[in-house]
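Novice: Take a look at this one; I'll ask things after.
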Amino acid sequence: MSIPFGYVPAEQQMRDKADYARKGIARGRSSVVLQYENGILLVAHNASRALRKISEIYDRIAFAAVGRYNEFEALRLAGIRYADVNGYNYDRADVTGRGLANLYAQQLGMIFTDSIKPFEVEIVVAEVGDSAEEDQIYRLTFDGSVQDEHGGIAMGGQADAVATRLKEHYREGMTLEEALRAALLALTEPGGDPLPTSQLEVAILDRNRPQRKFVRLVGPRLERLLAAGKPAGPPAQEASAESAGGGQAPPTAPPTAPEGEIDTGSGE
């Protein structure tokens with residue numbers, strides 16, 4: 001039997017699609033998702049003020065993505081529609097991170113197999129539980145593969161290098177300040193300058209909040225958390241500061257629970 005002109009074996013097609021998608025994802029900036037003592041932290045290197053890489057899907061569920069914005073935005077909207085319909089028709093408790101991960105896996109797998117061009121995206125669906133053991137983090141790749149993750153993960157850009165640095169600084173049970181510092185150290189190139197606040201997109205799923213758990217960390221609150229996460233200066237500097245102030249350290253304000261921003265779901 002003669003082979004048609006232009007025939008490409010299925011195995012080669014799949015390899016070419018996978019290489020194409022990986023190259024597209026690697027061109028973007030990295031994002032990290034990690035657990036901390038009171039929930040799940042999501043941090044993205046995002047220089048755009050108009051586009052969101054991190055969003056709320058439902059009460060306890062967040063969405064983070066890297067790659068082509070128009071493609072993962074379509075997935076985000078599909079997830080919101082799925083969550084709203086199921087939560088309205090059945091019960092809000094029936095909307096789960098696992099269900100959303102299965103939905104995305106079906107869509108991505110179908111696109112990867114049937115379309116000429118695969119989606120150049122990698123996404124995370126995170127659901128916060130009543131305890132750290134009940135937290136769920138699902139990582140989905142361009143071909144619909146699903147991985148159930150625990151602890152901290154990195155995706156997009158130089159994901160392997162970022163994941164290695166994250167593993168060095170991550171530990172279970174970290175405070176929010178410690179987790180944020182670990183995420184920033186992972187996203188910062190060795191010997192490079194720390195990422196400016198204007199290029200950070202940060203959100204949390206806080207298990208201690210009632211009903212809606214998703215909160216964006218912006219402005220003064222994010223700056224205070226970044227400052228609190230920095231390591232203390234050497235004792236010599238502290239001593240000199242005390243001597244300059246007459247032997248007394250400057251008073252510090254009592255700790256407070258600073259404000260956060262609730263995601264409206266509008267993408268603005």
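Novice: Take the conditions under 20 Å from residue 183 (Cα atoms) and either free of Cβ contacts under 8 Å to residues at least 24 places away in the same chain or not aliphatic (A, V, I, L, M) (or both) and apply them to residue 94. Does it pass?
Specialist: Numbers: under 20 Å from residue 183 (Cα atoms): no; either free of Cβ contacts under 8 Å to residues at least 24 places away in the same chain or not aliphatic (A, V, I, L, M) (or both): yes.
The answer is no for residue 94.
Yes/no per residue for (1) in a strand (DSSP E or B); (2) surrounded by fewer than 18 Cβ atoms within 10 Å (Cβ to Cβ); (3) not aliphatic (A, V, I, L, M):
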position	(1), (2), (3)
14	no, yes, no
21	no, no, no
24	no, no, yes
41	yes, no, no
56	yes, no, yes
93	no, yes, no
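Novice: Another one. Being of a type outside the set (Ser, Thr, Tyr), over 21 Å from residue 156 (Cα atoms) and modelled with pLDDT of 95 or more, is that true of even one residue in region 61-69?
Specialist: no
Novice: Say whether the condition of being surrounded by 17 or more Cβ atoms within 10 Å (Cβ to Cβ), assigned to a strand (DSSP E or B), touching a strand residue (DSSP E or B) at 6+ places or on another chain (Cβ under 7 Å) and not polar (S, T, N, Q) is met by at least one residue in region 66-75.
Specialist: Checked against the condition, which is being surrounded by 17 or more Cβ atoms within 10 Å (Cβ to Cβ), assigned to a strand (DSSP E or B), touching a strand residue (DSSP E or B) at 6+ places or on another chain (Cβ under 7 Å) and not polar (S, T, N, Q), region 66-75 yields at least one hit.
The values are calculated or read from the model by the stated rules, or taken from the named source; none is laboratory data. Here the structure is a predicted model, which means the values were calculated and not measured. Cβ sites come from the backbone with ideal geometry, for glycine too, and all protein chains shown count toward neighbours.
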